[in-house]
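One structure below.
The values are calculated or read from the model by the stated rules, or taken from the named source; none is laboratory data. In this text the structure is predicted, and so the values were computed from the model without any measurement. Cβ sites come from the backbone with ideal geometry, for glycine too, and all protein chains shown count toward neighbours. Ligands, DNA and RNA are stripped out before the accessible areas are found, and what is left, the full protein with its side chains, is counted by its heavy atoms. Shrake-Rupley method; radii C 1.70, N 1.55, O 1.52, S 1.80 Å.
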Amino acid sequence: AKKHGRNRYHFFTAELNEAVLRIINLDKQMRQALKEKNYKLYYQPKVCIKTSKIIGAEALIRWIDPIKGFIPPNEFIPLAEENDFIIELGEWIINDALNQYINWQKIGIDISISINISAKQFLQNNFEDILIKKIKDKSINPNKIILEITEYILIDQTDKVYLSLKKLHDFGINISLDDFGTGYSSLSYLKKYPINYLKIDKSFVDDMNSKNGKIFVETIVKMGQMLDLKIVAEGVETIEQLQYLKSISCDLYQGYHFCKPLSAKDFEEFYKAKN
Ligand code: C2E
Ligand code: CA
Ligand code: CA
Ligand code: CA
């Protein structure tokens, strides 16, 4: 039994080492990928439910490794958040998304751009000042920029987050609360913070096949609209889901039913064909 135990111990160490090595490697590769320009933003259309028109696009990062291929964000964003690389990567994301916005404006694709901002990135000093300066320097209409943040940021009860959000909001930038309902949500956040959009998480959209699921989503939509928020449903995959959302006057939606995230070039073609 003793011998067995020792073997098992060795087995675990080997496995642990492997896991640690994998993370160290990923860490290195992730940074290298930025130097080698292996990140690319994809764009998923945001659609007005009433008119079926594309009124915006959410930027979603992709890591395209020459050997490993497509690496989805869930496989590296969490690590990037842990080791602070997200600050550098997030800076690249913002620059790239803003430049894409400008290019699209030039060719008559007049849409808003949503950018996902991770908590670490948002909480760095002067985040809001740096972003506002960028938008000014590039002569971008701030009303066309939407920052998608998560409730996680809002649990910080100091004034710092409130003041940053207020500065951004007063300048004209829109704030969208992503993954609404999944985490630390408290209805008081919706009153306290300057927020423009609520995104209903996909898990609640998936639940709309049950009576309670429907009631839940309808309640969020009604409540949000009473607070002057626009409501976005994410992860809409079926016509039934879309029809229900329409029947309860949800404002916007995103999802495979309409379109998956596309490269900028494919988005352009898709947009021209649809709008
Ligand atoms: P998220 O912000 O909640 O993004 C929605 C995710 O749902 C995206 O996954 C999108 O591709 C996917 N999706 C959209 N419609 C459907 C649908 O109809 N069905 C299904 N099954 N999925 C759908 P993605 O692109 O893999 O991103 C995952 C998460 O990674 C994002 O969740 C976000 O938290 C993070 N992320 C992605 N890009 C960025 C970025 O540029 N910056 C930061 N900080 N985080 C990002
Ligand atoms: Ca998002
Ligand atoms: Ca989301
Ligand atoms: Ca989500």
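What accessible area per residue comes out for the chain, rounded to a whole number of Å², with a 1.4 Å probe? For the chain, the per-residue accessible area is 54 Å². When the Gaussian network model of the chain links Cα atoms closer than 10 Å, the mean-square fluctuations of LEU245, LEU131, LEU187 top out at LEU187. In the chain, excluding the sites themselves, the longest stretch lacking any of the chymotrypsin sites (Phe, Trp or Tyr not before Pro) that are in a DSSP loop with at most 12 other Cβ atoms within 10 Å is 1-183. When the chain is modelled as a GNM with alpha-carbon springs shorter than 10 Å, which of ILE149, ILE248, ILE93 fluctuates the most? Between ILE149, ILE248, ILE93, it is ILE248 that shows the largest mean-square fluctuation. Take every Cα pair under 8 Å in the range 29-105 that's 6+ residues apart, average their separations, divide by the length, and report that relative contact order as a whole percent. Value for the range 29-105: 24 percent. Only protein atoms count toward the accessible area here, which uses a 1.4 Å probe; on the chain, the carbon and sulfur part of that area reaches 54 percent. Based on every Cα atom in the chain, Rg and the maximum pairwise Cα distance Dmax equal 20.7, 73 Å. Between GLU237 and HIS257, the built amide H atoms are under 5 Å apart, and every one of these is 5 or more places off in sequence or on another chain.
Applying the criteria of a DSSP loop state and at most 16 other Cβ atoms within 10 Å to the trypsin sites (Lys or Arg not before Pro) of the range 31-64 yields LYS37, LYS50, LYS53. Charge tally for LEU163 (other residues, Cβ to Cβ under 13 Å; Lys, Arg +1; Asp, Glu -1): -1. Taking amide hydrogens as placed 1.01 Å from N in the peptide plane, the amide H of ILE155 sits under 5 Å from that of no residue at least 5 positions away in sequence or on another chain.
The smallest convex shape that holds all Cα atoms of the range 180-254, its convex hull, gives 80 Å³ per residue. Evaluated at q = 0.10 Å⁻¹, the base-10 log of the normalised Debye intensity for the range 127-263, with identical point scatterers placed on the Cα atoms, takes the values -0.36.
Looking only at the chain, where both bridge partners belong to it, what percent of the DSSP beta bridges are antiparallel (to the nearest 5)? Around 45 percent of the beta bridges assigned by DSSP in the chain are antiparallel ones. Of the cross-linked pairs LYS46/LYS144; LYS28/LYS138; LYS134/LYS260; LYS46/LYS230; LYS37/LYS138; LYS68/LYS134, those separated by over 24 Å at the C-alpha level are LYS28/LYS138; LYS134/LYS260; LYS68/LYS134.
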